[in-house]
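These notes concern the structure reproduced below.
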Amino acid sequence: MRAGRLWIQLRDAMNVDKAYKPLFTALFDQIKRLNPGYAPLRAYGSIIISSPTAQAFYHSDVSETVFLHVRGDKRFRVYPPHAPWVSEESLEAILHKDQTEDIPFDPAWDADAAVFDLEPGDFLSWPLHAPHRVENTGGLSVSITCEVVTRESMMKNAVLHANGVLRRFGITPKSADAQGVGAYAKFALSKSWRLAVRLFGAKRPNPKSETTFDVDLAAETGFRDRATV
């Protein structure tokens with residue numbers, strides 16, 4: 001980890017580990033006390049350990065995120081959550097699991113980014129779907145990342161997912177608005193489509209779950225890419 005270029009994500013560790021779960025519960029209890037009206041439906045906490053030279057490339061998450069930094073120095077660049085920095089079509093594809101969260105990046109967009117240099121003890125959150133990229137800038141890095149589902153994020157994602165369904169039938173969506181009667185109709189369409197896919201769709205792996213490398217401690221980066229056909 002110290003010499004390579006690796007990320008280890010202990011998924012849901014904050015939810016299931018007996019030592020961490022009380023801390024995770026207390027964290028969100030405090031956030032809710034400090035922010036009246038904040039009512040997350042679900043939250044999942046993972047621990048991320050990464051090498052001093054590791055980075056996360058430009059991507060967009062489909063959950064709201066609360067990020068707590070524990071060890072090392074880290075630089076975040078956060079970009080506006082709309083076109084041209086991220087397209088609705090890309091978000092639809094992510095929600096339909098047609099692609100990972102990685103999306104096209106133009107280096108010129110760095111001029112539009114908000115830059116945050118994190119030290120241990122810092123806390124960061126950003127707007128839903130805002131693209132971001134991350135670089136470790138000093139030492140082995142340890143962080144806690146919390147994926148949060150709120151009513152607002154659930155509705156917005158349902159509308160985008162439903163728009164992706166409409167495109168499959170050759171219909172160009174007129175709006176991605178998550179308010180009003182149309183949004184509730186798209187919410188119902190999204191739920192119905194997900195159920196149909198679960199019952200009748202072909203099984204396929206989530207793009208993120210596909211293993212494309214092997215850990216190789218002899219390699220300079222700590223891993224070796226698998227050959228692709």
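Every number here is computed from the coordinates shown, using simple stated rules; none is lab data. Because the structure is a prediction, the values reported are computed rather than measured. Every residue, glycine among them, receives a Cβ derived from its backbone with ideal geometry; neighbour counts consider all protein chains shown.
Assorted remarks:
- Separation in nanometres of the label points that stand 7 Å from Cα toward Cβ, at ALA185 and GLU220: 5.8 nm
- The separation of segment 83-150 from segment 1-17, counted between C-alpha centres, amounts to 18 Å.
- Cβ-Cβ FRET estimate between LEU195 and ASN35, R0 fixed at 35 Å, reported to 0.05: 0.55
- Helix 21-34 axis versus longest C-alpha principal axis of the chain: approximately 60°, rounded to the nearest ten.
- Segment 7-224: antiparallel DSSP beta bridges as a percent of all, rounded to 5: 100 percent
- Simple label model, 7 Å out from Cα along Cβ direction - ARG11 to THR100, nm: 1.3 nm
- Per-selection metrics, the chain (Cα): Rg and Dmax in Å: 18.9, 58
- Assigned charges on the beta-carbon of Lys, Arg, Asp, Glu; segment 7-224 dipole about Cα centre (debye): 1140 debye
- Kirkwood Rh and Cα Rg combined as Rg/Rh, segment 149-229: 1.21
- Exceeding the 18 Å Cα-Cα cut-off - candidates LYS32/LYS191; LYS97/LYS191; LYS97/LYS156; LYS156/LYS191: LYS32/LYS191
- Whole-number percent relative contact order across the chain, with pairs defined as alpha carbons under 8 Å at least 6 apart: 27 percent
- Dividing the convex hull volume of the alpha-carbon atoms in segment 22-133 by its residue count gives 135 Å³ per residue.
- Long-range tail of P(r) for segment 79-188 (Cα pairs > 19 Å, %): 55 percent
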